[in-house]
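Please read the structure below before turning to the comments.
Taken together, the values in this text are just the output of simple stated rules run on the coordinates, not laboratory data. Source: prediction; values computed, not measured. Positions of Cβ are backbone-derived with ideal geometry, glycine not excepted, and every protein chain shown enters the neighbour counts.
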Amino acid sequence: MTDDSPPLLQGCSGKGHNRLPGQQEGGWAPRPCPECGKLFEPKVRNQLFCTTTHNTAWNNRATVRGRVLAPLSMVASITRNGTRGKPEDREAGRAAARNQHFLTQRWRDEDRAAGRMEWPEYMRRRLAIGFDPLG
Ligand SMILES: [Zn+2]
């Protein structure tokens, strides 16, 4: 068997590399900062935020929320929102699902009032630059 397949691209994932050959780093289209909503010109391909200050602000808030949300999400998911498992576990699952839902709505509303990016758009943009939550 002969190998007549086209040569593989080397050293390039092919993801988001929108520069022409020889073009300098930079020059990516302006994108909105999730924290402040302002358009900025990224200095590197995978830059999500306009400044490290805004990156830190977003991530610190997500960390604080995550500490509360992670256990609720675990229990809600494991009990399928309180429809699986022992009766006492189902009750805990229903409470977890309720609280998770309530907090998610509260934080979504807070974020909207503060002019932050909607969460689905944030996740889309993160995935587009190579974010892998399972990696
Ligand atoms: Zn910003």
* Asked: From the list Arg90, Arg80, Arg106, Arg116, which one is free of Cβ contacts under 8 Å to residues at least 24 places away in the same chain and assigned to a loop (DSSP other than H, G, I, E, B)?
  -> Arg80
* **Test set (1) small (Gly, Ala, Ser); (2) assigned to a loop (DSSP other than H, G, I, E, B); (3) under 22 Å from Ala128 (Cα atoms) - Ala62 fails condition number** => (2)
* **Selected residue [within 16 Å of the ligand (Cβ to nearest atom) and surrounded by 13 or more Cβ atoms within 10 Å (Cβ to Cβ)] from Arg108, Arg94, Arg116** => Arg116
* Asked: Is it true that some residue in region 50-72 is touching a residue at least 24 places away in the same chain (Cβ under 8 Å), under 19 Å from Lys38 (Cβ atoms) and among the charged types (D, E, K, R)?
  -> no
* Within region 119-135, which residues are out of contact with any Gly (no Cβ under 8 Å at 6 or more places or on another chain), not acidic (Asp, Glu) and not in a helix (DSSP H, G or I)? -> Phe131, Pro133, Leu134, Gly135
* Failed item, numbered, when Asn55 is tested on (1) under 26 Å from Gly27 (Cα atoms); (2) in a helix (DSSP H, G or I); (3) more than 16 Å from the ligand (Cβ to nearest atom) -> (3)
* To do: Would you mind telling me which numbered condition in (1) within 23 Å of Arg31 (Cα to Cα); (2) within 18 Å of the chain's Cα centre (by Cα) Thr63 fails?
  => (1)
